[in-house]
1. So if I restrict to the alpha-carbon atoms in the chain, what is the Rg, and what is Dmax, the biggest pairwise distance, in Å?
2. Which value at 222 nm does the chain reach when only helices count, each DSSP H run of 4 or more adding -39,500 (n - 2.57), with the total divided by all residues and rounded to the nearest 500 deg cm²/dmol?
3. Which longest run of the chain has no exposed loop site in it, a site being GluC sites (Glu not before Pro) in a DSSP loop with at most 14 other beta carbons within 10 Å, and the site itself not part of the run?
4. What is the dipole size for the chain, taken about its Cα centre, with +1 at each Lys and Arg Cβ and -1 at each Asp and Glu Cβ, in debye to the nearest 20?
5. Between ASN10 and VAL55, what is 0.36 nm times their sequence separation minus the Cα-Cα distance? Round to one decimal in nm.
Amino acid sequence: MKYDVLKPFNSINRRFKPDVEGANTVEDTDDVSPHTIETLERREFIKTLTAKPPVAPPENKMVAAPAVAGSEK
């Protein structure tokens, strides 16, 4: 299971920060000594990762509009 990091904390081997890509998630297999997943979750340093809805790609504004009849010169 994966967890989001809400507040920065240190383990023996690693620093977890909420705003740094690659340091903003914790997995069950990560060594978070001297802490445990349960204590970090209870103290609100981490929370269960929620599935984020997919983001729709932006509309392509470069598509040419159809020509209006009689507008050519």
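Bear in mind that the values in this text are calculations on the coordinates, not laboratory data. Nothing here was measured: the structure is a model prediction, and the numbers come from that model. Cβ sites come from the backbone with ideal geometry, for glycine too, and all protein chains shown count toward neighbours.
1. 23.1, 77
2. Numbers: 1 runs with 6 residues, N = 73.
Calculated at 222 nm, the ellipticity per residue is -2000 deg cm²/dmol.
3. Numbers: sites that count: GLU21, GLU44, GLU59, GLU72.
Between exposed loop sites, the widest span is 22-43.
4. Values: 11 positive and 12 negative charges, 51 e Å.
About 240 debye.
5. Working: separation 45, 0.36 × 45 = 16.20 nm, distance 3.20 nm.
Taking ASN10 through VAL55 to full extension adds about 13.0 nm, to one decimal.
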